[in-house]
Each structure stands twice: as C-alpha cells, then as structure tokens.
Amino acid sequence: MDYYPIYLKLTGKPCVVVGGGNVATRKIATLIDAGASVSVVSLSISSEIAGWIETGAITSYRQGEYQASDLSGQLLVIAATPSSIVNQQVFDDAEQVGVLANVVDTPELCRFILPSIVDRSPLMIAISSGGAAPVLARMARQKLETLIPFGWSDLARFAGGLRSQVKSRLKSVDERRRFWEYLFEGPVANLVMAGRSDEAAKSFNTALDAAEEYQNILGGGARLGEVYLVGAGPGDPELLTLKALRLMQQADVVLYDNLVSKDILSLVRRDAERISVAKAKGRHSIAQTEINSEMVRLAGEGKRVCRLKGGDPFIFGRGGEELASLVDAGIPFQVVPGISAANGCAAYAGIPLTHRDFADSVTFVTGHRKNRGYFDLPWKSLSTDRQTLVFYMGLTSAGLIRDKLIGSGMLPSTPVAVVEQGTRIDQRVLVTRLDALPEEIASNAMASPALIIVGGVVTLTESLSWFGTNLITSELAVS
Ligand code: SAH
C-alpha cells in the first residue's frame, strides 16, 4: 500500500493554504466545504478568495511572502504557489514540524494526496492511483458515478438517523446487518430515493417491527442459516458469475480452499469471517469430514456460509459430498456453478476442446491416483482417435498417463498441452507430444495447479493463443 487512506474530520481545524491563484482557490473551496478553519498566505489573491475573506469563510489572511511560522499550529498545509522554490520550502518546513503537506501537482512533495471523489455524502468514495495512473483513476471514478445512484446520498442520511433505534431493538450484529441489507435493497430504499419520506418512514417502522418480532420468536441466533456452494472459477476474478459475487458479498463466513485466488477472496464482504480449508493434494490439512461438519456447525449458528471452491463445485470438487452432509442436517443450500479449469484453461490457452476437425468428444479425467498409485481408468476407450482428454490433478501422474495411453494404442506423437495457473496473469502453456510429457513437465518445472490437455485440438493453440506470453513450444512437438 503506497498510501494509507483516511478521511479527516476537519471541522474547526486550522489548515493553511499558501498561494492565492486559481488552483489555490479550488483547494480553499474544498477546505471550506469540509468546515476547516482556513488561513491563506499569499502575495495576491483571486476575487473569490477576497469574497470569502469578507464573509468570514476564511479565518485569516496574511498578504506577504510565505514564512515558516505560517505553519505553526496548523494541521495541514496545501502549497499552490507558482514558485517551486517556495513550494519546496513549505514541504521541508512542514516535514520538520510534522504538519501534513501537499504541494499541488508534485507527488514527491506530498505527505498526503487528495483523491478524486464520488460524493454521495454522507457516503463518500475516494479514488487514487497514487499518481501512477491518474487517467485510470478518473475512469474508475466515472464507472462508480454511473453505478451508484445519487439517491444513495438520501438513503445514507435516512439510515444514519435510524441507526440507534435499530441498534436498540435488534440485539445481534447479524440480525442488524440482515435488516439493513433488506432495507437498502428493498421497497424502503426505493421510497427514500423517490423522495417519499413519509411513506418510507412508515414502511421502515413496519419492517423493524417485523424484524424484532422474528428475532424474539427465534431467539436471534437460533435462526437457521444456509450454505452457498459457490464455484469461484479457475482464477481470473472476472470469470465469477454475478450470482457468485452477490452471494460472496452476502455471506457471514467464507470457507475457501487453496485454489481460490487472492484476487477473488478480496471480493468477499470485508467483515466476513474467512476460513481457509486448504486441501492440497497429498496434504489433507483439513479432512473432508471436518469441512462438512464445520459447515453444518456454522449454518446451525444462523450464519450464511459461503463454501467457495475453485472452478466448478461439481467437477472434481467434492461438492456432492459436502451437500450430502447438509441434507442430513436439514440445512438449506444453493449451488452456484463456476467455470471449471477445463473451460477456463482451454479458452485462455486458445484450445477449442471439441474443434470438429479434431474431436467428437471431450472427457474430463482425474489424474489423481487412488489406492497407492493404482489407476482405475478405461484406458482403451480413452486412447481411441478423435477425442480430447482433459486431466485434472495429473501433474505427478504424467508418466503413468503417458505409459497407459501409449500402451493402449494412442500415438506417441499425439499433441499435449500443460496449462499452469490457467486464466491467471502468470499462466504458462507448454505444448509438447505425449511421449515427452513427463520429461517436458520436469524440464520446464511446470507446477500445480496445472491441467493436461491431450488430443489434436492442442495444435490450434499456436494460432489461437491470445492470453499472456508464456507459450512454451517444445522442439519435440514440432517434429
Ligand atoms: N473443481 C475444480 C477442480 C478441482 S481439482 C474445477 O472445476 O476446476 C484441482 C485441479 O484442477 C488441479 O490439480 C488442476 O489440475 C486443476 N486446476 C484448477 N484450477 C486450475 C488453474 N487455474 N489452472 C490449471 N489447472 C487448474
């Protein structure tokens, strides 16, 4: 984090602006807006500043050259003079005495920066790229401006006036959060934003009465929770479904496994509890039965539990087993499909899995050996022509996969791709041929998570590859 974001309460606090031109005028305007006690030091001032001095909006004005003593007792200083020497002096002095300084348009002379804002006061969103990409920050702001209704300003004010009432009548934090979510998404919000405040107040009271009664009947925490079994996709957060995102932001607690990327986790509601149930192959840090009972326990406490899984929960994800325990415990659930690694990796590696020049079918196969290395797969039918095989968890069994397929009649020259970290920014795609697969995996240090795709469709990646730059084509594959 390059900058630590804070909102300052400036009401009545002494702030000084050095300079009196157009830029200084704009900065003074925002400080006055924030209720600061503004002093100005400048050789000359704009007519607007003169007006503020007259009305008393500006607390003090000293006409003259800047001096170090102008900073005494100030909380912050903004320097906007045409002289870089003066600006530098202001910054140096401010650093010395611990006053926060901002020299306009000079990031290296800023102890704090002024973000662009989306203002739905009291709801306020600040955006900054820390000077790295101001245009991108502006675009982010434009997006948010269109996304967040102006009516949220009224809504936030409306809610602010009712917080203590809600707090005294709804006992638990969860209960209150559910109530506010309902309020902000439902009819009350629409009435507030339509300016129909009397009806909104009535509707609010009815809703609060109902929530209070419900809480009393069920004794708050005794309410039954629910579980969302959500597929998080292979890694790129933009591959989440809208439903996945909505439920991730609703859940009180999130149980995630190690395939869920950090970027995706950052989209979970901020104050949700996050529990890692990492289950790397061969390292069962938490046994499946423990995950199952943890879900049942949390939902039993009335929580909304999001079970976040990599890819799709029903493709080699043990989603079915987890649901069975919920059914046994009578806990309601929803299942949200995700983009499975096969779909994500194929798309991002430019490998159309069933291109009709090469394949009539695609099979998702587990490469995870059960029973001490014993591989119980129909190798004969997997080795026939005109099909695509996608091996999940196949990296460590690559040698065995090669031997079995070739042993069952598949051509040793069959093209194979290994997609590592598919759809993520560091995705790597190795293209080789079946007989060289384990050696190529080793020499290119391909690591988990990786998917192995076998079949003629793999040859298309060279012309259809579009994502990232890490296409490794083994020389063997060309021969
Ligand atoms: N339910 C998941 C699969 C879980 S099994 C899904 O539908 O995708 C775990 C295996 O999935 C890994 O060993 C790897 O083979 C594959 N996998 C998951 N994410 C991947 C990714 N981003 N890139 C490549 N392979 C991935």
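The values are calculated or read from the model by the stated rules, or taken from the named source; none is laboratory data. Values in this document were obtained by computation on a predicted structure and should not be read as measured data. A quick note on method: Cβ atoms are made from the backbone with ideal geometry, for glycine too, and the neighbour counts reach across all protein chains shown. For the accessible areas, the whole protein counts, side chains as well, though only heavy atoms, and no ligand, DNA or RNA atoms are used. Shrake-Rupley method; radii C 1.70, N 1.55, O 1.52, S 1.80 Å.
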The range 440-450, subset surrounded by fewer than 17 Cβ atoms within 10 Å (Cβ to Cβ) and either among the charged types (D, E, K, R) or more than 16 Å from the ligand (Cβ to nearest atom) (or both), residue farthest from Ser474 (Cα to Cα) | Ala442
Restricting attention to the range 358-379, does a residue exist that is assigned to a helix (DSSP H, G or I), open to solvent by 20 Å² or more (accessible area, probe 1.4 Å) and in contact (Cβ under 8 Å) with a residue 40 or more places away in the chain?
-> no
Checking Ile453 against (1) open to solvent by less than 20 Å² (accessible area, probe 1.4 Å); (2) in a helix (DSSP H, G or I), the condition it does not meet = (2)
Within the range 74-93, identify whether any single residue is farther than 12 Å from Val18 by Cβ, without any contact (Cβ under 8 Å) to a residue 40 or more places away in the chain, in a loop (DSSP other than H, G, I, E, B) and open to solvent by 40 Å² or more (accessible area, probe 1.4 Å), and answer yes or no.
-> no
Counting just the residues of the range 243-264 that are open to solvent by less than 20 Å² (accessible area, probe 1.4 Å) and assigned to a helix (DSSP H, G or I), which one comes out nearest to Tyr182 (Cα to Cα)?
-> Leu247
Looking at the range 396-419, which of the residues that are within 20 Å of Val457 (Cα to Cα) and assigned to a helix (DSSP H, G or I) is farthest from the ligand (Cβ to nearest atom)?
-> Ile406
What's the number of the condition Ile331 fails, among (1) more than 15 Å from the ligand (Cβ to nearest atom); (2) touching a helix residue (DSSP H, G or I) at 6+ places or on another chain (Cβ under 6 Å); (3) at pLDDT 95 or above?
-> (3)
Name the pairs: first residue in the range 435-453 and over 17 Å from Met393 (Cβ atoms), second residue at pLDDT 95 or above and not aliphatic (A, V, I, L, M), Cβ to Cβ under 8 Å, at least 6 apart or on different chains?
-> Asp435/Arg402; Asp435/Pro412; Asp435/Ser413; Glu440/Thr432; Asn444/Arg428
What number of residues in the range 103-117 are of a type in the set (Ser, Thr, Tyr) and either at positive phi or touching a His at 6+ places or on another chain (Cβ under 8 Å) (or both)?
-> 0
From (1) of a type in the set (D, E, K, R); (2) in a strand (DSSP E or B); (3) in the same structural domain as Ile425 (by TED's automatic domain parsing), pick out the condition that doesn't hold for Arg274.
-> (3)
For the range 305-324, enumerate the residues that are surrounded by fewer than 18 Cβ atoms within 10 Å (Cβ to Cβ) and either away from the ligand (no atom under 13 Å from the Cβ) or over 19 Å from Tyr392 (Cα atoms) (or both).
-> Ala324
Which one of these does Asp357 not meet: (1) away from the ligand (no atom under 14 Å from the Cβ); (2) over 30 Å from Asp385 (Cβ atoms); (3) not hydroxyl-bearing (Ser, Thr, Tyr)?
-> (2)
Report yes if some residue within the range 280-287 is open to solvent by less than 50 Å² (accessible area, probe 1.4 Å) and more than 12 Å from the ligand (Cβ to nearest atom); otherwise report no.
-> yes
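Looking only at the range 363-395, which residues are of a type in the set (A, V, I, L, M, F, W, C) and within 14 Å of the ligand (Cβ to nearest atom)? Steps first, please.
Narrowing the range 363-395 to residues of a type in the set (A, V, I, L, M, F, W, C): 364-365, 375, 377, 379, 382, 389-391, 393, 395.
Phe364, Val365, Leu389, Val390, Phe391, Met393, Leu395, listed by residue number.
For every residue, the table says whether it meets (1) open to solvent by less than 10 Å² (accessible area, probe 1.4 Å); (2) in contact (Cβ under 8 Å) with a residue 12 or more places away in the chain; (3) in contact with a Gly (Cβ under 6 Å, 6 or more places away or on another chain); (4) over 18 Å from Val99 (Cα atoms).
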position: Gly12; (1), (2), (3), (4): no, yes, no, no
position: Cys15; (1), (2), (3), (4): yes, yes, no, no
position: Asn22; (1), (2), (3), (4): no, yes, no, yes
position: Lys27; (1), (2), (3), (4): no, yes, no, no
position: Ile32; (1), (2), (3), (4): no, yes, no, yes
position: Gly35; (1), (2), (3), (4): no, yes, no, yes
position: Val40; (1), (2), (3), (4): yes, yes, no, no
position: Ser47; (1), (2), (3), (4): no, no, no, yes
position: Thr55; (1), (2), (3), (4): no, no, no, yes
Answer with yes or no whether Pro352 is assigned to a loop (DSSP other than H, G, I, E, B), open to solvent by less than 50 Å² (accessible area, probe 1.4 Å), farther than 21 Å from Gly317 by Cα and in the same structural domain as Phe467 (by TED's automatic domain parsing).
-> yes
Within the range 413-432, the residues that are open to solvent by 50 Å² or more (accessible area, probe 1.4 Å) and of a type outside the set (Gly, Ala, Ser) are Ile425, Asp426, Arg428
Any residue in the range 114-137 that is surrounded by fewer than 16 Cβ atoms within 10 Å (Cβ to Cβ) and closer than 17 Å to Cys15 by Cβ?
-> yes
Scanning the range 380-412 residue by residue, the ones that are in contact (Cβ under 8 Å) with a residue 60 or more places away in the chain and open to solvent by 30 Å² or more (accessible area, probe 1.4 Å) total 3
Quick one: which of Ser203, Ser153 is within 30 Å of Leu114 (Cβ to Cβ) and out of contact with any Phe, Trp or Tyr (no Cβ under 9 Å at 6 or more places or on another chain)?
-> Ser153
Residues being open to solvent by less than 50 Å² (accessible area, probe 1.4 Å) and more than 19 Å from Leu247 (Cβ to Cβ): count how many of those fall in the range 331-346.
-> 5
